[in-house]
Every structure is written in structure tokens, then in C-alpha cells.
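Quick notes on the structure that follows.
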Amino acid sequence: MIINLPKIIGHRGLKDLAPENTIFSLEESVRFNLKWVEVDVKISKDNVPFLLHDDLLDRTTTGKGLPYHYSYKEIFDLDAGSWFNKKLSTIYPPTLEEVLIFCSNNQIGLNIELKPNKGKEEENVNAVSALINRKKINLQYYLSSFDYFSLILIRNKMPEVTLGYLIDSLNEEKSINSIIQDCLNLNCFSIGFNINIIDEKLVKKCKENNLIVTVYAEKNIEYTTAQKLWNIGVNSIFLDNPVNYKIFLS
């Protein structure tokens, strides 16, 4: 599959404008005419892939603890909106299947981030790959993860799938050269970097190895910063709020 990423990708839908990783957040992305969105996926006790960013349910739902201690029916009954806005108490954590259908119906691309799911990496990969293979989805998508083991697992399960490796920090053990080699070993098409470590030299090194470069941040990336990133060769940035980016969204 040939992936054509736009300059802007919605981060967890649009997490500054709606409860993250919900259908409502994806609807906001459509309202702003975004062409791609990113979501985070974990599994329930009964191996249903659903949207959640954190290790625990606590921050963004009325649930407590690890998600794989609960069936998806129990997770579906959680309130995933009140923490953002008390008027949104009917919002729930959606399944990945719902998201695939939504993105297909609205013709938007999807970056599925496989969250670490500590101790449940294989179950997570098995559930996600089984769902995608069963749905035969008609949309552009790719899978990404900070967890290299999960990328190995998904590559073995889905030899043709498009992959991206996410990098939060660099050090002697995790140098850019070793990271690029890891990407090439798994035939990844992209590397996503924390904005705190990105620079022109890093981007150039990736481009020399035919790797697409994406950038994410803990807070929304301002338009002037985005321009600098694009100018040094960054392909795409993950946005929480695209209000000041209307030139790209017409």
C-alpha cells in the first residue's frame, strides 16, 4: 500500500477540541476537513481492540485500573467524556472496528498506534491484525508503536502492512543509526519523533534512508513551529487543534 501522508494529522482525533480517542473527536477532525487521524489502541479482557491512550482507564474514563481487567461490555458502559466536558457524559470508548468503519465512510486515513499493553503485546497484535484482516478495510492506514517488539509481532502477522516506529528519546544505546537500522530491518516506512529531539540533521539522516518523518508533541504544535519543521524536511505533524491551520484545511 502506498501511503501519502498530509502535512497535518489529527492527534487522538483532535484532542484539544473533544474527548480524545472517541468518535466525537474523530467527527471534529472531519469537521475541520482533516485527511488523516491518529488513534491509540489497547485491548479489553475479552480481546476487543478499543481506543485508549494511557496504561490505565482512570484519566479519560470513569473506569479504574488496567483495561484488560474488564470486558469490552464493561468498558463500553464507561463515561469517556465528562472529564473533558460535563455535558459529554454519554460518550464511551469506541472499538477499533467502529473507527475503521467511520474512517472508511468518511474517506480519511488512519494511523493506528499500538500502545505497549505491558505483558499483553502479543494478544494486542493478534486482536488488531485479526480485525483488520476480517474487515478488509477500504482506506489508507498504517500501524505504529513505540514498542519495537509489537512492531516485530505485527510484521510477522501482517507481512504487507505499513509500519512506523515512534521514538521519544535518543541515547548511546538508542542512537539514530541503530533506530534507522531497526526500521530498515522491519521495512518501516516512517519514524515519528518527539518534537524535543527533532533537528535538521536527524531529518536528513532519515531521508537519506527513504524514511518519512513525523513529529508529535505533548501540547499542540503552533503554526510558526510547524512551518520550521516542514522547512527542515518533516513530512507530517500531529495536531491537537488545527484552528490556525485553515490554509491546509480548505
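Table for the structure above
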quantity: Mean separation of Cα contacts under 8 Å (6+ apart) over length of the chain, as relative contact order %; calculated: 19
quantity: Förster-model FRET efficiency, 45 Å R0, Phe149 and Arg31, C-beta, rounded to 0.05; calculated: 0.75
quantity: Cα-based shape type of the stretch 5-126, given that a ≥ b ≥ c are square roots of the gyration tensor eigenvalues and the cut on a/c is 1.5; calculated: oblate
quantity: Accessible area per residue, Å², the stretch 41-123 with all protein chains present, probe 1.4 Å; calculated: 48
quantity: Among 56-68, 28-40, the order from most to least packed when residues are scored by Cβ within 10 Å on average; calculated: 28-40, 56-68
quantity: Cleavage-rule hits (trypsin sites (Lys or Arg not before Pro)) in the stretch 85-158: DSSP loop, at most 16 neighbouring Cβ within 10 angstrom; calculated: Lys118, Lys136
quantity: Gained length - Leu186 relative to Asn210, 0.36 nm times residue gap less alpha-carbon distance; calculated: 7.3 nm
quantity: Gain upon complete extension [Arg59, Ile176; 0.36 nm per residue less C-alpha separation]; calculated: 38.8 nm
quantity: Accessible carbon and sulfur surface of the chain relative to its total accessible area, %, 1.4 Å; calculated: 48
quantity: Three-way shape label, the chain, alpha-carbon gyration tensor, a/c 1.5; calculated: oblate
quantity: Sparse-neighbourhood loop sites, GluC sites (Glu not before Pro) in the stretch 140-201 - DSSP loop, at most 11 other Cβ within 10 angstrom; calculated: Glu160, Glu172, Glu173
quantity: Trypsin sites (Lys or Arg not before Pro) restricted to DSSP loop in the stretch 213-250 with at most 16 other C-beta within 10 Å; calculated: Lys219
quantity: Gained length - Asn244 relative to Thr224, 0.36 nm times residue gap less alpha-carbon distance; calculated: 6.2 nm
quantity: Cys with no candidate disulfide partner in the chain (beta-carbon separation under 4.7 Å rule); calculated: Cys103, Cys206
quantity: Global form of the stretch 156-250, assessed from the alpha-carbon gyration tensor, a/c cut-off 1.5; calculated: prolate
quantity: 26 Å Cα-Cα reach of Lys201 towards lysines, excluding residues that sit fewer than 8 places from it in its own chain; calculated: Lys7, Lys174, Lys219, Lys228
quantity: Relative contact order (%) - criterion: Cα under 8 Å, at least six apart; region: the stretch 1-84; calculated: 24
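The values are calculated or read from the model by the stated rules, or taken from the named source; none is laboratory data. Note that the structure is a prediction, hence the values are computed from the model and not measured. Here Cβ is always computed from backbone atoms with ideal geometry, including for glycine, and neighbour counts include all displayed protein chains. Calculation scope for accessible area: heavy atoms of the full protein, side chains included, ligands and nucleic acids excluded. Shrake-Rupley method; radii C 1.70, N 1.55, O 1.52, S 1.80 Å.
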